[in-house]
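Colleague: One structure is given below, represented as structure tokens, and several questions about it will come after.
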Amino acid sequence: MDSIHIQGGVSLQGKVPIQGSKNAALPILAASLLTKETSCIRNCPRIADVYRMVSLLKNLGCKVSWEDGGIRVSPVHVCCGEMRGEAITGMRSSLCLLGAMLSRCGEVVMEYPGGCVIGERPIDLHLVALEKMGVVFSEENERLRAASPEGIHGAEIIFPMVSVGATENVLLAAVLAEGDTVIRGAAKEPEVTALCHYLQSCGAVIEGVGTGELRITGRSGKVLEGADFTVPADRIVAGTYLFGCIATGGNILLEGAPFDQMEAVLRVAEQMGSSCDVTREGIYVQSPKRPKLPPSLRTAPYPGFPTDMQSMALTAMTTGVGHCLIEETIFENRFRVVEPLVEMGADIEILDPARVLVKGVARLNGKAVEAMELRGGAALVLAGLMAEGQTQVSGVAYIDRGYENICRDLRELGARVVSV
Ligand code: UD1
């Protein structure tokens, strides 16, 4: 299996363009199924999860090609069959095909979606909300069958907790439903907003975009139009390189980074002693040799500090000055990166499954470590940049799920990194 070899000790310097957002591109590609016309989805990242979504769309009968700086999807003929295989079971985002296929075909049979092992990741919120909209679920040979014998109808959906995926699934089911839908407790994440903007550009009627209350006017009996849409830059990838800069005392420009979506992250960067200047080109970050640790850091739904950035922040803190209490409130298994970091010399105390105490040490030492999930894997690459000597990160397939080419990007910033 591939691994990434890093010779540590270099401060990141220079500029790096930020790829399109994975978590925005995937539901937008699924949403293209609601139209019968061609959409061009520009700025899609060339990553494993997007390739999986493309292959799922092709299996469903869509014509899909990479061109004009984006993906053209023509969902003229869609086979309303069964969805199975590794692309479904290996990727959490395949779940948004549930809402999309229900809208398009009225029924769907699919294997249970997988994804990174960062927690239990139940799907109850999706099921309960869609049931309220007239969908009937059953299990068939360990597959999920969803049907809407009387059609999908609008409903008042009240989410007891914020779920990005469940909000997206309800949106996808609601835009072509009979009657109106209100989603209270909707996720406000920028990726949900991007999905709303794509659907609106296809003719869907959605109010309250970017707020916790979305109002959708169902357009039953109508079809949506195709659209030309550009996926926003990936705030998590931008944040990864931002923490790489903080971790190595660097000086970099994150070209095209979506600064308006990164307020909580930029606040933490500034608490850690970095200056983050927003320019027309992107975010210009200058970091001190060793970061200061803020007393605490807590993940939260948007606009709070993203759970997807927690492993990178934790890693950058390991060689800072002071102590930081990190609390993970979204996924219960996001501290898997602690063990390899401790092997590299970090001082991190696990207080309970949701909280760790990081105590800054003078340095990390290079080691052979293994990525066990996407963001934790990227964090280990950052640890390699910080460490003395060589670090080898295996399990690169996880990192490839979300980064077009993390080695190329880091090399552009002067790091000594190769994929072997
Ligand atoms: C999405 C992102 C992921 C990000 C997460 C939170 C994609 C492809 N992935 O994941 O990178 O970390 O949002 O910002 O966009 N939950 C339930 N029942 C459900 C659904 C969720 O209890 O039916 C819980 C989850 O276990 C978790 C929390 O709700 O504790 C948030 O999960 P959710 O927002 O749904 O995450 P995803 O959409 O899977």
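Colleague: If only one of Thr307, Thr319 is among the polar types (S, T, N, Q) and within 16 Å of the ligand (Cβ to nearest atom), which one is it? Explain how you work it out, then say what you get.
Modeller: Working: Thr319 fails: within 16 Å of the ligand (Cβ to nearest atom).
Residue meeting the stated conditions: Thr307.
Colleague: Taking Ser74, is it surrounded by fewer than 15 Cβ atoms within 10 Å (Cβ to Cβ) and at pLDDT 95 or above?
Modeller: Details: surrounded by fewer than 15 Cβ atoms within 10 Å (Cβ to Cβ): no; at pLDDT 95 or above: yes.
For Ser74, the condition - surrounded by fewer than 15 Cβ atoms within 10 Å (Cβ to Cβ) and at pLDDT 95 or above - is not met.
Colleague: Next question. Give the residues of segment 146-168 that are within 26 Å of the chain's Cα centre (by Cα) and not β-branched (Val, Ile, Thr), sorted by residue number. Write out each step before concluding.
Modeller: Start the filter on segment 146-168 by keeping residues that are within 26 Å of the chain's Cα centre (by Cα), which leaves 146, 157-168.
Scanning segment 146-168 gives Ala146, Phe159, Pro160, Met161, Ser163, Gly165, Ala166, Glu168.
Colleague: Name the residues in segment 354-385 that are surrounded by 15 or more Cβ atoms within 10 Å (Cβ to Cβ), under 17 Å from Val321 (Cα atoms) and within 27 Å of the chain's Cα centre (by Cα), would you?
Modeller: Matches in segment 354-385: Val356, Val358, Ala383.
Colleague: Additional query: Taking Ser287 as the residue in question, decide whether it is among the small types (Gly, Ala, Ser) and touching a helix residue (DSSP H, G or I) at 6+ places or on another chain (Cβ under 6 Å). Step through it out loud before you land on a result.
Modeller: On the way: among the small types (Gly, Ala, Ser): yes; touching a helix residue (DSSP H, G or I) at 6+ places or on another chain (Cβ under 6 Å): yes.
Against the criterion (among the small types (Gly, Ala, Ser) and touching a helix residue (DSSP H, G or I) at 6+ places or on another chain (Cβ under 6 Å)), Ser287 qualifies.
Colleague: Turning to a different aspect of this structure: Yes or no: Leu125 within 26 Å of the chain's Cα centre (by Cα), within 16 Å of the ligand (Cβ to nearest atom) and in a strand (DSSP E or B)?
Modeller: So Leu125 does not fit the description; no.
Colleague: Here's a follow-up. For segment 182-220, which positions are at pLDDT 95 or above and of a type in the set (Lys, Arg)?
Modeller: From segment 182-220, those at pLDDT 95 or above are 182-218; that's our starting set.
The answer is Arg184, Lys188, Arg215.
Colleague: Which of (1) among the small types (Gly, Ala, Ser); (2) within 15 Å of the ligand (Cβ to nearest atom); (3) at pLDDT below 95; (4) farther than 18 Å from Val50 by Cα does Ser94 not meet, given it meets every other one?
Modeller: Looking at each condition in turn, Ser94 falls short on (4).
Colleague: How do the pairs read when you match residues in segment 386-398 that are closer than 22 Å to Gly249 by Cα and touching a residue at least 40 places away in the same chain (Cβ under 8 Å) with residues anywhere that are of a type in the set (Ser, Thr, Tyr) and assigned to a strand (DSSP E or B), using Cβ under 9 Å and keeping only pairs 6 or more apart or on different chains?
Modeller: Gln392/Ser3; Val393/Ser3
Colleague: I've got another one for you. State all residues of segment 271-304 that are of a type in the set (Val, Ile, Thr) and either more than 18 Å from Leu357 (Cβ to Cβ) or exposed (fewer than 14 other Cβ atoms within 10 Å of the Cβ) (or both); if no residue qualifies, say none.
Modeller: Within segment 271-304, the first condition is being of a type in the set (Val, Ile, Thr), and the residues that meet it are 278-279, 283, 285, 299.
Correct list: Val278, Thr279, Ile283, Val285.
Colleague: Pick out the one residue from Glu225, Glu270, Glu263, Glu255 that is under 30 Å from Gly154 (Cβ atoms) and among the charged types (D, E, K, R). Show your work before the answer.
Modeller: Values: Glu270 fails: under 30 Å from Gly154 (Cβ atoms); Glu263 fails: under 30 Å from Gly154 (Cβ atoms); Glu255 fails: under 30 Å from Gly154 (Cβ atoms).
Testing whether each residue is under 30 Å from Gly154 (Cβ atoms) and among the charged types (D, E, K, R) leaves just Glu225.
Colleague: Give just the number: which of (1) within 16 Å of the ligand (Cβ to nearest atom); (2) modelled with pLDDT of 95 or more does Ile4 not satisfy?
Modeller: Result: Ile4 passes all but (1).
Colleague: May I ask you to verify whether Val162 is among the hydrophobic types (A, V, I, L, M, F, W, C), modelled with pLDDT of 95 or more and surrounded by 15 or more Cβ atoms within 10 Å (Cβ to Cβ)?
Modeller: Values: among the hydrophobic types (A, V, I, L, M, F, W, C): yes; modelled with pLDDT of 95 or more: yes; surrounded by 15 or more Cβ atoms within 10 Å (Cβ to Cβ): yes.
Yes: the conditions hold for Val162.
Colleague: Considering only segment 19-27, I want to know if a residue exists there that is at pLDDT below 95, within 16 Å of the ligand (Cβ to nearest atom) and assigned to a helix (DSSP H, G or I).
Modeller: No, because not a single residue in segment 19-27 is at pLDDT below 95, within 16 Å of the ligand (Cβ to nearest atom) and assigned to a helix (DSSP H, G or I).
Colleague: Six or more apart or on different chains, Cβ atoms under 6 Å: show the pairs whose first residue is in segment 35-57 and within 17 Å of Asn23 (Cα to Cα) and whose second is among the aromatic types (Phe, Trp, Tyr) and surrounded by 18 or more Cβ atoms within 10 Å (Cβ to Cβ).
Modeller: From residues that are within 17 Å of Asn23 (Cα to Cα), the pairs are Ile41/Phe229.
Colleague: Restricting attention to segment 169-204, which residues are closer than 15 Å to Val128 by Cα, β-branched (Val, Ile, Thr) and within 21 Å of the chain's Cα centre (by Cα)?
Modeller: Val170
Colleague: Can you name the number of the only condition in (1) hydrophobic (A, V, I, L, M, F, W, C); (2) within 26 Å of the chain's Cα centre (by Cα); (3) not in a loop (DSSP other than H, G, I, E, B) that Leu351 fails?
Modeller: The single condition Leu351 does not satisfy is (2).
Colleague: A follow-up question, please. Restricting to segment 179-194, what's the tally of residues that are surrounded by fewer than 21 Cβ atoms within 10 Å (Cβ to Cβ) and hydrophobic (A, V, I, L, M, F, W, C)?
Modeller: Total meeting the criteria: 1.
The values are calculated or read from the model by the stated rules, or taken from the named source; none is laboratory data. Owing to the predicted nature of the structure, the values given are computational and were not obtained by experimental measurement. Methodologically, a virtual Cβ is constructed for each residue, glycine included, from the backbone with ideal geometry; neighbour enumeration extends over all protein chains shown.
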